[in-house]
1. Principal axis lengths of the range 81-271 from Cα atoms, whole Å, largest first?
2. Quick one: go through the range 127-152 and flag any residue whose amide nitrogen is under 15 Å from the point 7 Å out along the Cα-to-Cβ line of LEU45.
3. List every residue whose amide H lies under 5 Å from the amide H of ALA85, counting only residues 5 or more places away in sequence or on a different chain, with H placed 1.01 Å from N in the peptide plane.
4. So what are the ³J(HN,Hα) numbers for the range 226-235, from phi and the Karplus equation (6.51, -1.76, 1.60; θ = phi - 60°), rounded to whole Hz, Gly and Pro as x?
5. Mind listing the long-range amide H neighbours of MET193? Cut-off is under 5 Å, sequence gap 5 or more, other chains count too, H placed in the peptide plane at 1.01 Å from N.
6. May I ask you to evaluate 6.51 cos²θ - 1.76 cosθ + 1.60, the Karplus curve with θ = phi - 60°, for each residue of the range 137-154 and list the ³J(HN,Hα) values in order in whole Hz, giving x for glycine and proline?
7. What list of ³J(HN,Hα) couplings, whole Hz, do you get for the range 93-100 from phi and the Karplus terms 6.51, -1.76, 1.60, once you set θ to phi - 60° and write x for glycine and proline?
8. Going by amide H atoms built from the backbone, whose H comes under 5 Å of the H on ARG270, apart from near neighbours?
Amino acid sequence: MGETTVTKPEGMEAALPDPVAADPGRGPLRRLRTPHRPRFWFEILLIAVSYWTYSLVRNAVPEQKAEALRNADWIWRAEHHVGIAVEESVNHAVNSVHWLIVGMNYYYATLHFIVTLSVLVWLYRRHPGRYAATRLVLFATTAVALVGYYVYPLAPPRLMNGGGFIDTVMVHQTWGSMASGDLKHMSNQYAAMPSMHIGWSVWCGLTIFALASVPWVRVLGLLYPALTLVVIVATANHFWLDAVGGVLCLAFGFTAARLWYGRQPYALPRTVPPRGRGGARERDEDGPAARTGSPQRSAAP
């Protein structure tokens, strides 16, 4: 007679895949580090509380006016030494064109928030698998900026003693700057380093360029931080080096997200299954699960 075709129990156990519950890699930490579909109301609450906390901490940092002015003088001298101290010339040139400087004042006061929130909403709707990681970049960038405000108080150019800069919001009586006019008492005026206008705008630009599918939208993504750089200098709210500080903070944010998720945010799958359906396994047209099939294993007869 031939050999038996009955599969032994131990052979069946070896042939069947391990259950998810028994996977040692599916612990609480692993689940936290795996992208999930974001919850709308949680995200709204998180963003609101985070920005409130950011504003509270930023404005609670001691203003240290004397030290902030000394630091501004040092940066101004350093920029002269390396030949990039052109902020005053840009400030005066743009201020001479009324419609242009007024437009830049409103740009500085509004687009910082409008564009950032719009990109977050777009990520939430179109790239839910990448949303949490990309949001972490933004939050980590902002958190490390708060450290910069505390350890290095810096006066903006428009507040320098004898610097010759024009406070364009005060001169043209436009609204929106939390550091000018009647609103200046509600905000720390000496938190110019690093520039989160640059940190947030570069985050927006890179995200749009990396993930948008329409070419002209990708170009706009790159132009946005470049124009923001011109605006923060023309309105005398920041030095060039403040922008460098913002970019360094953003680099920290990307590093934090890379360490937490194991990949850069833009390399994560575009979509993820809803919570409670399929766990945290990738099911996305951009992910490997959609491109390759997993061969099924079965016991031989």
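1. Taking the Cα atoms of the range 81-271, the three principal extents are 53, 37, 35 Å.
2. none
3. Here the answer is HIS80, since their amide H atoms fall under 5 Å of that of ALA85.
4. With the stated coefficients, the range 226-235 comes to 5, 5, 4, 4, 4, 5, 5, 7, 5, 8 Hz.
5. Close amide H contacts, sequence-distant or interchain: LEU154.
6. 4, 5, 5, 5, 4, 5, 5, 6, 5, 4, 5, x, 4, 6, 7, 9, x, 9
7. 5, 6, 5, 6, 9, 4, 5, 6
8. It is ASP286, GLY287, by chain and number.
Rule-based calculations on the coordinates, nothing more; no lab input. Computed from a predicted structure; not experimentally measured. Note that each Cβ is placed from the backbone with ideal geometry, even for glycine, and that neighbours are counted across all protein chains shown.
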